[in-house]
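Beneath this line is the structure, given in C-alpha cells, with notes to follow.
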Amino acid sequence: MNGAHDLGGMHGFGPVGPEADEPVFHAEWERRAFALTLAMGFTGQWNLDKSRHAREAMPPGDYLATTYYEHWLFGLDALLAERGLLEGAPAKLRRLDAGNLEKALKTGGPTERETNAAPAFAPGDRVRALNIHPVGHTRLPRYCRGRIGTVERLWGAHVYPDSHAATGDQDPRHLYSVRFSARELWGPSASAADTIMIDLWEPYLEPA
Amino acid sequence: MHDHGPDALELRVQALESLLVERGYVDPEAMDRLIETYEHEVGPHNGAQVVARAWTDPDYRARLLADGSAAIAELGFTGRQGEHMVVVENTADVHNLVVCTLCSCYPWPVLGLPPVWYKAPPYRARAVIEPRAVLGEFGMEVGEDVEVRVWDSTAEIRYLVLPERPAGTEGLSAEVLAGLVTRDAMIGTAKAAAP
C-alpha cells in the first residue's frame, strides 16, 4: 500500500538528529510494547509480514505524528482485534515461556525456502521494477517503481511478503539484489558515482 | 489518534499487558527475559567482535564476506532479525550505508535494537536520495570519486558494514580493535574510530 511508511526520497523531515549515549528504550511502556509484540508474535496468530502491514495501515497523518513503538502498539491492537483474541473465552495459544524462549530467539525465523522454479533472471540482467501500486502489503518501495536496474545477485527463494501478509501463504519467490544508479532513481542532481541496492522479489520485476 | 503523551501510553500498555497475561497469552517471565536480552545482552559489542576478528584473521574475513550468516554464527551471534546476514566491505573505492526505508530492518544479533534515528522518517527518507548529505551530518566526507552504495533492507537480508581498519592500528589485539568499532561504523554513518 502507498502508506506513510514508504518514506524513501521524501523531503522536509529535517536533520537525522542522533542522540548521544542513547538508551535502548526511552520509557517503560516502550519496553513493554516491544516485549508484548514479540511475545504475541510467537503465538503464531499472525506472521511478520502481516504485522508489518498492520503498522503500515495506520493513517498517514497519525503514522508521521507518532513514535516508533506507537506504530507497534497500533499494529498489535489491530491484530488482536482482527483475531478476536480479546473477546469471549481466552483462546489456547502457543506461548513464549522460559522453556522455549532461548531457542526461539537463537533460531529466529529464516525465510529462505526450497523451490522447483528456475529463476527468471541472472546476475547482469537488466530489469525494470514494475510500476504497480498494490493496495495490500508489498516490499516494493515507491521510489524504484518503473526504474531500471541490474541484477547483482540471487539470494534464493524467500517467503513472498505480498502473499504472506494477505493470506498467510508463504508462496516462496526468487529474491534478487538489484543495483540502481542514483541518477536512474533521482535524476541528474544525484552523484554519478552512487548506487542504491534494493532486495526485490521476482514478481516485482520485468526484463528491461 | 487518542491517548497522546507518555502517561497515557504507560496506562494503555499496562492495561494491555494485564489483559494479555490474564488471558494466558503472555508469560510475565518471558516478558522480562525479552527485555533483559535486548536491553542488556545483545548490542553492537557483538558486531564489533565480528569486525575485529575480520581485521585480524584473513581467513575469517574471507568466510565472512562469502557467507555472513555462517561466519557470524561461528562467534555465536544468531537468531531473530539476523537469519540471513550479508557483510559489505568498505574500501578505498566504495562506502556502504545501510537503511530500511519501509520500516526498521536491522541486524539485531550483531547490533541490538536500532537507535531512534535509524527508525525515524528523516534517515529513512534521506539515506537513499541524499546519502552524502546524511553522511555529512554525521561528520563524514566521502570523496566524489568514491561510490556511496546504499543498501535498502527491503527483504529479510540483513546487512552489516565491515568498516576499513584505521591506520596506526597494526599490532593491536582483536580485543583492543573491537573497542574502535562503533555501532555507526557498522551501519555506515561513521568510520571506525582512531586509536
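List the number of the failed condition for B:P109; all other conditions in (1) open to solvent by less than 10 Å² (accessible area, probe 1.4 Å); (2) at the interface with another protein chain (Cβ under 10 Å from one of its Cβ atoms); (3) not β-branched (V, I, T) hold.
Unmet for B:P109, out of (1) open to solvent by less than 10 Å² (accessible area, probe 1.4 Å); (2) at the interface with another protein chain (Cβ under 10 Å from one of its Cβ atoms); (3) not β-branched (V, I, T): (1).
Filter region A:25-58 for residues that are open to solvent by 50 Å² or more (accessible area, probe 1.4 Å) and facing chain B (nearest Cβ under 7 Å); which is nearest to B:T189 (Cα to Cα)?
A:R31
I want to confirm something. Restricting to region B:169-179 and keeping residues that are open to solvent by 20 Å² or more (accessible area, probe 1.4 Å), at pLDDT 95 or above and part of a loop (DSSP other than H, G, I, E, B), which single residue is nearest to the other protein chains (Cβ to nearest Cβ)?
Out of the qualifying residues, it is B:G179.
Among the listed residues B:G82, B:G24, B:G47, B:G68, identify the single one that is on the phi > 0 side of the Ramachandran plot and not hydrophobic (A, V, I, L, M, F, W, C).
B:G24
Determine whether B:P163 is over 20 Å from A:T195 (Cα atoms), buried (at least 21 other Cβ atoms within 10 Å of the Cβ) and in the same structural domain as B:R53 (by TED's automatic domain parsing).
When the stated conditions are applied, B:P163 does not pass them.
Return the residue satisfying two criteria in turn: it lies in region A:12-24 and is at the interface with chain B (Cβ under 7 Å from one of its Cβ atoms) and not charged (D, E, K, R), and of such residues it is least open to solvent (accessible area, probe 1.4 Å).
A:V16
Do we find that B:W55 is modelled with pLDDT of 95 or more and farther than 28 Å from A:E102 by Cα in this structure?
It is true that B:W55 is modelled with pLDDT of 95 or more and farther than 28 Å from A:E102 by Cα.
For region A:94-208, give me every one of the strands (runs of 3 or more DSSP E) that falls completely inside it and has 3 or more residues that are in contact (Cβ under 8 Å) with a residue 24 or more places away in the chain and in contact with a Lys or Arg (Cβ under 9 Å, 6 or more places away or on another chain).
Here the list reads A:148-158, A:173-181, A:195-201, A:205-207.
Would you tally the residues in region A:97-106 being open to solvent by less than 70 Å² (accessible area, probe 1.4 Å), facing chain B (nearest Cβ under 7 Å) and under 19 Å from B:W108 (Cα atoms)?
Residues meeting the conditions: 2.
So, in region B:108-129, of the ones that are in a loop (DSSP other than H, G, I, E, B) and touching a residue at least 60 places away in the same chain (Cβ under 8 Å), which residue ends up farthest from A:E112 (Cα to Cα)?
B:P115
Quick check on region A:67-89. Is at least one of its residues in contact with a Gly (Cβ under 8 Å, 6 or more places away or on another chain) and either at pLDDT below 95 or closer than 21 Å to B:E10 by Cα (or both)?
No.
Restricting attention to region A:1-30, which residues are in contact (Cβ under 8 Å) with a residue 24 or more places away in the chain and not aliphatic (A, V, I, L, M)?
A:N2, A:G3, A:H5, A:D6, A:G8, A:G9, A:W29, A:E30 - these are the residues of region A:1-30 that are in contact (Cβ under 8 Å) with a residue 24 or more places away in the chain and not aliphatic (A, V, I, L, M).
The rows are residues; the columns are (1) facing chain A (nearest Cβ under 7 Å); (2) modelled with pLDDT under 95; (3) open to solvent by 10 Å² or more (accessible area, probe 1.4 Å).
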site	(1), (2), (3)
B:P6	yes, yes, yes
B:A15	no, no, yes
B:L20	yes, no, no
B:G24	yes, no, yes
B:P28	no, no, yes
B:D32	no, no, yes
B:E39	yes, no, yes
B:V42	no, no, yes
B:N46	no, no, yes
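Scan region B:66-79 and tell me whether some residue there is in contact with a strand residue (DSSP E or B) (Cβ under 6 Å, 6 or more places away or on another chain) and open to solvent by 20 Å² or more (accessible area, probe 1.4 Å).
yes
Being among the aliphatic types (A, V, I, L, M) and within 7 Å of chain A (Cβ to nearest Cβ) is the filter here; which residues of region B:127-151 pass it?
B:V128, B:I129, B:V134, B:V146, B:V148, B:V150
The values are calculated or read from the model by the stated rules, or taken from the named source; none is laboratory data. Please read these numbers as outputs of a predicted model, since none were measured by experiment. Please note: Cβ atoms are built from the backbone with ideal geometry, for glycine as well, and neighbour counts cover all protein chains shown. In case anyone asks, the SASA skips ligands and DNA or RNA and just uses the protein heavy atoms, side chains included. Shrake-Rupley method; radii C 1.70, N 1.55, O 1.52, S 1.80 Å.
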